[in-house]
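Nothing in this text is a laboratory measurement; each read-out follows from the coordinates by a stated rule. From a predicted model like this one, the values you see are computed outputs, not experimental measurements. Cβ atoms come from the backbone with ideal geometry, glycine included; neighbour counts cover every protein chain shown.
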Amino acid sequence: MKFKEKLKGSNGILVLAHHNADIDAVASAIALYEILDNEVSLTVPDTVSKGAKELADGYNFIEKPDQDEFETLIVVDCPSTEQLGSFDIGSFEGTTMLVDHHSPGDLHELVDFKYIDSEARSTSELIYQLFKEEVNEKASEALICGIVADTSHLRFADKEQFRYISELLPKSGKNYSDILSILSPPVDRSERIARLKAASRLENYDIDGKLISFSEVGSFEAASARSFLKVGSDVSVVFSQRDDEIRVSGRCRRGLTDIVHLGEDVFSELEEVLRGSAGGHDAAASGNGSNTDLEEVKQAFLERFEEIFGAKAKVL
Ligand SMILES: [Mn+2]
């Protein structure tokens, strides 16, 4: 396979993961580092994400390397140059390569060699396909982490992913529970306190049978909003009022996203009230603005949900 031979034959490889690298990106980078015998360095445009810190522990992701010192630059888990910060792939003089499972972006056109499959659930499984024979203990452990993380703890996994896991697990020398503890490190005390405070301030409403929860907290509004879906809310919106700013984070249960797109139908619609910007995905959205009148903002959110669900809110 040309891609693999090219990589194995290169002296001086720089593996680059995307901005705020997630577990799949970090796992793919680490696996390449562990598998390849040639000189491999790891880097990210800024830092690895909070969730990937535990996995990245012990590996040196060099800060701002001089890209010209390398012969090969391989990007993992990233479709577009936009997510690569100040790295300039276009001006790189050596060989550029990409392993990715996202829908095509500009990077897919730009690189010299690519191994891409947008049907794959993770970049980690693509690394495994490439280096099935070569994976060692450390690489296996990382790749399992990447596959499990990108399938939302196997909820979106299919027979291929279960097969990869069953092949990799014995090679990793780990139990599945060891993998899960790498993926879900203990939550910081400060975050747990914020979540508990937010829980103590919950205001719950029933709108046409949907359970809507509001709360407020000084920080960790997104983590708090997420935690209320686990408790039982269909939609949760958590406000954080600061000196001259208000921040809002919302989460919506999957299954309700057929009826409401939280980012477009709710948050974007309330930019004016927030006097700032807001938007997001169907199940997760956020906003911030200069309207520090919390009651006014809260009321606007409640009325928007009443409009969408076509009923008056009942206090629970
Ligand atoms: Mn990925």
- Nearest 10, in degrees from 0 to 90: the angle of helix 23-35 to the longest Cα principal axis of the chain is 10 degrees
- Does anyone have the angle between helix 189-200 and the longest principal axis of the chain? Alpha-carbon axes, 0 to 90°, nearest 10? 30 degrees
- Task: Starting from the Cα gyration tensor of the chain, take the square roots of the eigenvalues, sort them a ≥ b ≥ c, and report rounded, prolate or oblate (rounded when a/c is under 1.5, otherwise prolate if a/b is larger than b/c, else oblate).
- Result: prolate
- Task: Per DSSP H run of at least 4 residues, take -39500 (n - 2.57); add these up for the chain, divide by its residues and hand me the 222 nm value, nearest 500 deg cm²/dmol.
- Result: -10500 deg cm²/dmol
- Message: Among 276-289, 295-308, 226-239, how do they line up by average Cβ neighbours within 10 Å per residue, starting with the highest?
- Response: 226-239, 276-289, 295-308
- Note on the structure: The pairs in 50/230; 4/159; 138/197; 174/210; 132/230 lying past 32 Å Cα-Cα in this model are 138/197; 174/210; 132/230
- Degrees between helix 137-150 axis and first principal axis of the chain (Cα, 0 to 90, nearest 10): 30 degrees
- Task: Determine the shape class of the stretch 80-188: with a ≥ b ≥ c the square roots of the Cα gyration tensor eigenvalues, call it rounded for a/c under 1.5, and otherwise prolate if a/b is greater than b/c, oblate otherwise.
- Result: prolate
- Extension gain from residue 188 to residue 256, taking 0.36 nm per residue of separation minus the Cα-Cα distance: 21.5 nm
- Packing-ranked peptide list from 13-23, 159-169, highest mean Cβ count within 10 angstrom first, is 13-23, 159-169
